[in-house]
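The values are calculated or read from the model by the stated rules, or taken from the named source; none is laboratory data. Please read these numbers as outputs of a predicted model, since none were measured by experiment. Every residue, glycine among them, receives a Cβ derived from its backbone with ideal geometry; neighbour counts consider all protein chains shown. Surface accessibility is based on the protein's heavy atoms, side chains included, excluding ligands, DNA and RNA. Shrake-Rupley method; radii C 1.70, N 1.55, O 1.52, S 1.80 Å.
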Protein chains: 2
Amino acid sequence: MNTGAFGEDDLIKTIRNRFKGAHPRLLKGPGDDTSVTAPRPGTVLLATTDILIEGTHFKRRYTAAYLLGKKALSVSLSDIAAMGGGGGANFYLVSIGLPRRTDKKFILDLYRGITARAREFGAVLAGGNTALSDRLIVSTTLFAEMPARNVIYRTGARPGDTIYVTGTPGDSALGLRVLKRDGAGAIKKSAFRRPVSRHLDPSPRVKAGMALSSAHLANSMIDISDGLLLDLERLTRESGVGAVVDSTKLPLSTEFKRYRKGLKRPSEAIKLALTGGEDYELLFTAPERAAKRIAAISKRLRLRITPIGYITAKPRSVTVMGTGPKPLNFTRRGFSHF
Amino acid sequence: MNTGAFGEDDLIKTIRNRFKGAHPRLLKGPGDDTSVTAPRPGTVLLATTDILIEGTHFKRRYTAAYLLGKKALSVSLSDIAAMGGGGGANFYLVSIGLPRRTDKKFILDLYRGITARAREFGAVLAGGNTALSDRLIVSTTLFAEMPARNVIYRTGARPGDTIYVTGTPGDSALGLRVLKRDGAGAIKKSAFRRPVSRHLDPSPRVKAGMALSSAHLANSMIDISDGLLLDLERLTRESGVGAVVDSTKLPLSTEFKRYRKGLKRPSEAIKLALTGGEDYELLFTAPERAAKRIAAISKRLRLRITPIGYITAKPRSVTVMGTGPKPLNFTRRGFSHF
C-alpha cells in the first residue's frame, strides 16, 4: 500500500487518530487551520524549528523511519534543552514532504518515532501538514514554556568561566563514517554500534539543561549540532568573549579511542571530535564556584559533564591546545552546509 | 556570488542584520538555540507551520524570489486569518533549504519578500535555520496571540447557517494555468495578470478574519487552500453537518468570466473555481441574522464576501447545485497531494 491508495485527508486522519495527544492547555490540536494553546501565566515561550532533508541530513539507505522520526524531534528538543527548557508544556508541529510512492508503513513508523520521543519529554502533537516532495523532508517546530528567569542564553559567558561539555563528542561523526562504510546493519552488529546509535538516535540533553537552568548554574549554553568548535565560536561571539580548549581533556568514548588507535595520525581523531557535528550534546560555561554542584548533577543523571577549557576576555579568539605548547590548527571548524 | 562564497554563518548573520525585527515581547530573536517570547496574559496562542517545496508548490522558472518569500508567509498568515487571529503579537520562524549554488541575491530577495509581507501584518522574525537541499524549500512557522473567546474553529457550523466566501475563488488556479502556458512574464503583460498575481502573490484575509472574530459573527471558518469544495467538506466534517452550494452564486472575477467564455464546456470553469486550490480566501458560516453586519464588513474592507449556500443537518453530504434540478458531479473534489 502506498500513499496514493489512501489520499491526503485519510493520511492526516490516520495520523490524527493514531498519534493524537491530550493536554489540558492544548485547546485545539490537529484538525483545524492552526493549533490553539493556552500559555501559562508567568512563563516565556521558547520556539525552534528544524528541518531534516533526505540527501542532506540522512540517507534512506541507512535510516529507519522510526529512528528518523525520533531524530527529527530530538534535534528540536536539543535546542530547547540548550536554553534550559523542556520542563513546562511542550507542543510541536510536524510538516512532512513525502515522495509519491512512500509506503504507508514508512509514514506510520516515522510518526511512531516522533511520538515515542515526544512522549519521553511530555511533548504533545499540536498540528502540521503533509505535502508531496521528490525527497523526504521532515520539518519540526517545537515550542516550550519555561520561567523567564531560568532561560540560559548564548550571551552570558564571562572571562574565567569554565567550559563544559556533556557526553562524548565525536561519536556521532564516527558513527556516520561507520554507517557510510557498513550500511544500516551497523547499528546492530558493528563493534561501533554505540557511536552509530548516537548518530541515528541522539539523546537530547533536556534533563541536564533543566538541572542547570533551574539551579542557575550555567552562564551560557548552546547545543553542539555543527561541531563543538564551531558552536563554541558561536557562543563566544554572542558573549563577546574568547575561549581556550584543552583538547587533552576531551571526553572520548571507548569506541572513539579504539578508532583513534587504528589511525595513522591520531590527531585526526581529535579534529573529528571537535568538528564532527550532530552530537546534540550541551556546551556551557559556568563560574568556578559551580563546579561541585555540576559534578553532582553529572553523577545524578549518570551523564558525563566534563570541563574542557575556559573563557577568556579576548573576543573572537578560540584556541585549541594539544599536548605541545602551540595551538592546534584547524582547516575546518565544523559542519557548515555551504 | 553564491552561498559557497559566504558560508552558513555569514548567511545567517546577513539575514539577522538585514531582517531583524523588534518587539517588546520578543526577548530573543535569531541568534540563539530558540526564540524567546513573552506571552500576553489572557490570550491563547495560534501556531501553524507550512512548507513550500520547489517542484511541488512552485517552479523556479516562473517564481521570483521576492514573491516566493511573500507567499511563504502569506500561506501561514492565511491559516491564522482562518481562526480570526492576526491582531495580537505575531512571531515567525523560517527554515530554508537551499541548493548549493543559490545566488546571494536570490536569498536576500526571498527574505525581503518574507519580511515585507510580515511587516504588513505586524509579524516579527524570531528565528529559523538554513540547510543544503537539492530543491529549494521554504518552511514557515507563525505564532499569533488572540483572545480565547474570539477564536473561530472549523467545528461551529450549524444547520441553517449561510456559507460565505471572500474574494473570487478560482483565480489562483486560472493564474497557474496561464503561468504554465506563458511563463513568468504573464504577471506583467497577460490579459490574465490579475489571476496570475492572485496565484503568485495571494493576500491573506487577516483583516476580514479579525473583523468576523472580534464581532463574533462567524460560527465556523477555514481558509481555502486546497479548493473550495474540499475545504468545505473538511469544515462540515469537523462540524458534523452537511452543505448545499449554489454554484450560480459563486463570485467570479472578470478575468475568470472571460476565461469561461472561451471554453467549449463552460461548466469546466465552475469546476475549476470550486476545486482549483490555492485561493487563500476565507470560507465561513454564519447565522442569517449576521447577514447585514457581514455586508457592512465587506463594504468597509472593499472585499467581496458572498453567500454561496447553506449548512444542512446531513453529515458528510456536500452538494453543489447548478442551473438545473440535479446536483453537479465532481470527479475531483480539490487539490490533494497524493
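Tabulated values for the structure
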| quantity | calculated |
| --- | --- |
| Residues that are touching a residue at least 24 places away in the same chain (Cβ under 8 Å) and open to solvent by less than 20 Å² (accessible area, probe 1.4 Å), drawn from the range B:195-210 | B:Pro195, B:His199, B:Leu200, B:Pro202, B:Pro204, B:Val206, B:Ala208, B:Gly209 |
| Residue within the range B:182-194 that is among the acidic types (Asp, Glu) and open to solvent by less than 50 Å² (accessible area, probe 1.4 Å) present | no |
| Residue under evaluation A:Gly55, criteria (1) modelled with pLDDT under 90; (2) at positive phi, criterion not met | (1) |
| Breaking point among (1) touching a helix residue (DSSP H, G or I) at 6+ places or on another chain (Cβ under 6 Å); (2) modelled with pLDDT under 95; (3) more than 10 Å from chain A (Cβ to nearest Cβ), for B:Arg119 | (1) |
| Among residues of the range B:231-283, those that are over 24 Å from B:Tyr310 (Cβ atoms) and surrounded by fewer than 20 Cβ atoms within 10 Å (Cβ to Cβ), counted | 11 |
| Flag for A:Glu288 being in contact (Cβ under 8 Å) with a residue 24 or more places away in the chain and open to solvent by less than 60 Å² (accessible area, probe 1.4 Å) | no |
| Subset of the range A:12-56 (residues that are assigned to a loop (DSSP other than H, G, I, E, B) and more than 7 Å from chain B (Cβ to nearest Cβ)) | A:Lys20, A:Gly21, A:Ala22, A:His23, A:Pro24, A:Arg25, A:Gly29, A:Pro30, A:Arg40, A:Gly42 |
| Selection count where residues are in contact (Cβ under 8 Å) with a residue 12 or more places away in the chain, under 17 Å from B:Ser197 (Cβ atoms) and not in a helix (DSSP H, G or I), scope the range B:59-89 | 2 |
| The lone exception for B:Ser213 - which of (1) part of a helix (DSSP H, G or I); (2) more than 30 Å from A:Leu136 (Cα to Cα); (3) open to solvent by 30 Å² or more (accessible area, probe 1.4 Å) it fails | (3) |
| Members of the range A:140-187 that are closer than 15 Å to A:Gly85 by Cβ and hydrophobic (A, V, I, L, M, F, W, C) | A:Leu142, A:Phe143, A:Ala144, A:Met146, A:Ala148, A:Val151, A:Ile152 |
| Boolean, B:Ile152 is within 14 Å of another protein chain (Cβ to nearest Cβ) and either under 17 Å from the mean Cα position of the chain (by Cα) or of a type in the set (Ser, Thr, Tyr) (or both) | yes |
| Qualifying residue in the range B:151-165 (condition: polar (S, T, N, Q) and open to solvent by less than 20 Å² (accessible area, probe 1.4 Å)) | no |
| Some residue of the range B:68-90 being more than 10 Å from every other protein chain (Cβ to nearest Cβ), farther than 19 Å from B:Ser133 by Cβ, hydroxyl-bearing (Ser, Thr, Tyr) and surrounded by fewer than 23 Cβ atoms within 10 Å (Cβ to Cβ) | no |
| Residues satisfying the stated conditions in the range B:218-230, i.e. open to solvent by 10 Å² or more (accessible area, probe 1.4 Å) and more than 11 Å from chain A (Cβ to nearest Cβ) | B:Ala218, B:Asn219 |
| Number of the exception - A:Arg61 against (1) more than 7 Å from every other protein chain (Cβ to nearest Cβ); (2) in contact with a Gly (Cβ under 8 Å, 6 or more places away or on another chain); (3) surrounded by 17 or more Cβ atoms within 10 Å (Cβ to Cβ) | (3) |
| Meets criteria (open to solvent by 30 Å² or more (accessible area, probe 1.4 Å) and more than 7 Å from chain B (Cβ to nearest Cβ)) for A:Arg135 | no |
